[in-house]
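Notes follow the structure.
The values are calculated or read from the model by the stated rules, or taken from the named source; none is laboratory data. Quick caveat, the model's predicted, so the values are computed rather than measured. As a convention, Cβ positions derive from the backbone with ideal geometry for all residues, glycine included, and neighbour counts pool all protein chains shown. Just the protein is used for accessible areas: all its heavy atoms, side chains included, with ligands, DNA and RNA removed. Shrake-Rupley method; radii C 1.70, N 1.55, O 1.52, S 1.80 Å.
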Amino acid sequence: MDTISTPAPPRPLIGVSGRRLRGAAIGAPFGFADAPLEAYLSEYATSVIRAGGLPVHLPMDAAPTELVERLDGLVIVGGDDVDPRRYGRTPGPFTMAVDPQRDDFETALIEAAIDGAVPLLGVCRGAQLLNVVCGGTLHPHLAHGEGESHGSYAYPRAHRVHDVRTAPDSIVRTVYGETTRVNSFHHQAVDAPGRGVIVTGWAPDGIVEAIELEGLPIVGVQWHPEVFHTDPLFRWVVDQAAARASLPTPATRIVA
């Protein structure tokens, strides 16, 4: 009897955002020091690969909506502060570097993902921007020495410094269980949740550590899961993306 083999489906395509720098950041020679440079921290892409996805870096000059239409999933990475003017405040003495171009680009990516029910993982700044895009606000600065020292860089980046308590019936509860232990490198955090945003994870001092969008496969976390060798949250976003890619039409997606 002849055996008919079915080819394996292609790995889901996961877009990974980055940042715009200049050639001087990598020691480019004279004449190229001011050349635009797209920079991507490779641990995000490596985490997608280990979870079974196919990562693709997203250049800021591309049209965000067209990119998201071609993608099966999306990761919005960490980085500098979200512009406080986007949530009704102004830069203060603790505001770090703000990149309006990146804010615009990633905002459009997030909006397109929400509109298309594209699975999305927001990491640190990515979680904060997700909340702001939905109309929420941020704590502009978490002071050192009060509660958890969320913004300390004293530890190696993969060192887990505090627990996160997850909400029942949430995606993060399904992924991690009742608690998980995380690293922490942020001086801002979600304050008032935006439209449709549900808070699903908290640090011991009450700071928001995880958010989700009601009815959508969209999660934001305040820690950096990409630095761990494997993290189940990347498996979750890749699995969600694979399920979306297997659907015959762009119908309404349902979170598994």
GNM, the chain, Cα, under 10 Å: largest mean-square fluctuation among 156, 91, 217? 156
What chymotrypsin sites (Phe, Trp or Tyr not before Pro) in segment 80-131 are in a loop by DSSP, with at most 13 other Cβ atoms within 10 Å of the Cβ? 94
Using the Kirkwood radius over Cα pairs, work out the Stokes-Einstein diffusion coefficient for the chain at 25 °C and 0.890 mPa s, in µm²/s as a whole number. 130 µm²/s
Could you pull out the GluC sites (Glu not before Pro) across segment 88-151 that fall in loop regions by DSSP (anything but H, G, I, E, B) with no more than 12 other Cβ atoms inside 10 Å? 146
Roughly how many debye, to the nearest 20, is the charge dipole of the chain about its Cα centre, given +1 on each Lys and Arg Cβ, -1 on each Asp and Glu Cβ, and no other charges? 240 debye
Just 98, 238, 118 to compare: in a GNM of the chain, with alpha carbon springs under 10 Å, which one fluctuates most? 98
Measuring from centroid to centroid over Cα atoms, what is the spacing of segment 181-198 and segment 19-68 in Å? 25 Å
If R₀ is 22 angstrom, what is the calculated FRET efficiency for the pair residue 20 and residue 69, using the beta carbon separation as r and rounding to 0.05? 0.45
Please list log₁₀ I(q)/I(0) at q = 0.13, 0.19 Å⁻¹ for segment 126-256, using the Debye equation with identical point scatterers on the alpha-carbon positions. -0.55, -1.12
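Work out the FRET efficiency for residue 245 and residue 192 from their Cβ-Cβ distance, taking R0 = 35 Å, and round it to the nearest 0.05.
E between residue 245 and residue 192, to the nearest 0.05, is 0.50.
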How much of the accessible area of the chain, in percent, comes from carbon and sulfur atoms when a 1.4 Å probe is used? 55 percent
Given the candidates 105, 41, 120, the one whose Cα lies deepest towards the positive end of the charge dipole of segment 20-127, counting +1 at each Lys or Arg C-beta and -1 at each Asp or Glu C-beta, is 41
Cα-based Rg of segment 11-56 per 2.2 N^0.38 Å, rounded to two decimals? 1.47
The Kirkwood hydrodynamic radius of segment 7-116, taken as the inverse of the mean 1/r over all distinct Cα pairs, in Å, comes to 15.6 Å
Considering segment 57-160, what Rg and Dmax in Å follow from its alpha-carbon atoms? 15.0, 45
Would you mind telling me which residue in 21, 130, 74 has the biggest mean-square fluctuation in a Gaussian network model of the chain, where springs connect alpha carbons within a distance under 10 angstrom? 21
TM-like helix rule applied to the chain (DSSP H, alpha carbon span at least 15 Å on the long axis, mean Kyte-Doolittle at least -0.5) gives 100-116, 232-245
